[in-house]
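S.K.: Please see the structure below; I have some questions.
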Amino acid sequence: MSFGLSRGRTLITTGFGLDQSDLPPFENGRIDPRDFFDHPEHRLEIEIGTGKGTFLVKQAPLRADINYLGIEKTAEFYRYSADRMRRRSLVNVKILRADATEFIRYWCADAVAAVIHLYFSDPWPKKRHHKRRVIQDRSLQELHRILAPAGEIRLVTDHPDLWAWYEDHAKRNAHLFERQAFDRPESADEGEIVGTNFERKYRREGRPFYAMTLVKRGT
Ligand SMILES: C[S@@+](CC[C@H](N)C(=O)[O-])C[C@H]1O[C@@H](n2cnc3c(N)ncnc32)[C@H](O)[C@@H]1O
């Protein structure tokens, strides 16, 4: 299925996009995604499910001291986002085409990320599909592992049932994460929470938004 994002243009990912198939076999051991960047010593933030890449395109130029890794599983969105980064000559962003849950579980080294952003994640409303939601007890353990001490997961959704799921998971995993209020990123425009494409679309529809931050406990 095509979303028609390229509008006839050739989307170029060179220098900005990485594909899961280019990663070394996970049997070789975990990798440190900070090494994807020119300045691996900078703090790393990861966005899961970047969609068209709007959050990263707005946020990254404001924080040259932070490296941003977007992980997007849909090839067309991955190509579109990487091409947007390239056209803006952003130096501190990369996009990985991968299932973020798999990358984090099988490849990603411990304690590498300061923040994980997860905005308007697919709600998978049918009960039999709930296992496809990104946030699970299992994935929270893995996210805890890849976060640095006091690292954060930042969650925003418009979907009441997914929000209830997040609240239940936060409660059940309170030994791993302390729940705190959500702070808007500096790139959000007036009246926005984060300013992603889905937020803008849902705002026009008058939907409510829900947000929380989960702060890693322990080391
Ligand atoms: C509803 S869209 C939201 C996109 C963007 N965050 C926004 O707010 O505009 C969800 C995106 O997450 C991607 N996605 C869903 N599950 C994923 C996963 N496990 N790993 C990486 N990307 C994922 C989808 O392909 C889709 O582009």
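S.K.: When the residues of the stretch 168-190 are filtered to those that are part of a loop (DSSP other than H, G, I, E, B) and away from the ligand (no atom under 16 Å from the Cβ), which remaining residue is farthest from Gly51 (Cα to Cα)? Steps first, answer last, please.
M.R.: Looking only at the stretch 168-190, we keep the residues that are part of a loop (DSSP other than H, G, I, E, B), and these are 173-176, 181-190.
After this cut, where a residue has to be away from the ligand (no atom under 16 Å from the Cβ) as well, the list is 173-176, 181, 183, 186, 190.
Details: Asn173: 28, Ala174: 29, His175: 31, Leu176: 28, Ala181: 24, Asp183: 21, Glu186: 20, Glu190: 22 Å.
Filtering first and then ranking leaves His175.
S.K.: How many residues does the stretch 75-98 hold that are of a type outside the set (Lys, Arg), in contact with a strand residue (DSSP E or B) (Cβ under 8 Å, 6 or more places away or on another chain) and either within 18 Å of Ser121 (Cβ to Cβ) or within 16 Å of the ligand (Cβ to nearest atom) (or both)? Don't jump to the end; show me each part of the working.
M.R.: Within the stretch 75-98, the subset of a type outside the set (Lys, Arg) is 75-78, 80-83, 85, 89-93, 95-96, 98.
Those still in the list that are in contact with a strand residue (DSSP E or B) (Cβ under 8 Å, 6 or more places away or on another chain) too: 75, 78, 81-82, 85, 92-93, 95-96, 98.
Applying the additional criterion that residues be either within 18 Å of Ser121 (Cβ to Cβ) or within 16 Å of the ligand (Cβ to nearest atom) (or both) yields 75, 78, 81-82, 85, 93, 95-96, 98.
Summing the residues that are of a type outside the set (Lys, Arg), in contact with a strand residue (DSSP E or B) (Cβ under 8 Å, 6 or more places away or on another chain) and either within 18 Å of Ser121 (Cβ to Cβ) or within 16 Å of the ligand (Cβ to nearest atom) (or both) in the stretch 75-98 gives 9.
S.K.: While we're looking at this one, here's another question. Taking the stretch 74-118 as the region of interest, how many residues are surrounded by 22 or more Cβ atoms within 10 Å (Cβ to Cβ), part of a strand (DSSP E or B) and of a type in the set (Gly, Ala, Ser)?
M.R.: Number of matching residues: 1.
S.K.: Collect the residues in the stretch 32-60 that are part of a loop (DSSP other than H, G, I, E, B), without any contact (Cβ under 8 Å) to a residue 60 or more places away in the chain and not hydrophobic (A, V, I, L, M, F, W, C), keeping them in residue-number order.
M.R.: So in the stretch 32-60, the residues part of a loop (DSSP other than H, G, I, E, B) come out as 32, 37-42, 49-53.
Of the ones still in play, those that are also without any contact (Cβ under 8 Å) to a residue 60 or more places away in the chain are 37-42, 50, 53.
Passing the criteria: Asp38, His39, Pro40, Glu41, His42, Thr50, Gly53.
S.K.: Continuing with this model, one more query. Within the bounds of the stretch 61-73, is there any residue that is modelled with pLDDT of 95 or more, in contact with a Leu (Cβ under 7 Å, 6 or more places away or on another chain) and surrounded by fewer than 21 Cβ atoms within 10 Å (Cβ to Cβ)? Show your work before the answer.
M.R.: The first filter runs over the stretch 61-73 and keeps only residues modelled with pLDDT of 95 or more, leaving 61-73.
Now drop any that are not in contact with a Leu (Cβ under 7 Å, 6 or more places away or on another chain), which leaves 61, 67-71.
Within this subset, residues satisfying the condition of being surrounded by fewer than 21 Cβ atoms within 10 Å (Cβ to Cβ) are 61.
There is at least one residue in the stretch 61-73 that is modelled with pLDDT of 95 or more, in contact with a Leu (Cβ under 7 Å, 6 or more places away or on another chain) and surrounded by fewer than 21 Cβ atoms within 10 Å (Cβ to Cβ).
S.K.: Determine which member of the set Lys127, Lys171, Lys131 is among the basic types (Lys, Arg), modelled with pLDDT of 95 or more and under 23 Å from Arg217 (Cβ atoms). Outline the logic, then answer.
M.R.: Details: Lys127 fails: under 23 Å from Arg217 (Cβ atoms); Lys131 fails: under 23 Å from Arg217 (Cβ atoms).
The conditions single out Lys171.
S.K.: Which residue pairs have Cβ atoms under 7 Å apart, sit 6 or more places apart or on different chains, and have a first residue in the stretch 13-31 that is assigned to a loop (DSSP other than H, G, I, E, B) and a second that is charged (D, E, K, R)?
M.R.: That search, which allows pairs on different chains as well, returns Thr13/Arg79; Thr13/Asp83; Gly15/Arg86; Phe16/Arg86; Phe16/Lys94.
S.K.: Considering (1) in contact with a Ser or Thr (Cβ under 9 Å, 6 or more places away or on another chain); (2) exposed (fewer than 15 other Cβ atoms within 10 Å of the Cβ), say which one His175 fails and leave the rest.
M.R.: So the condition that His175 fails would be (1).
The values are calculated or read from the model by the stated rules, or taken from the named source; none is laboratory data. Being a predicted model, the structure only gives us computed values, none of them experimental. Positions of Cβ are backbone-derived with ideal geometry, glycine not excepted, and every protein chain shown enters the neighbour counts.
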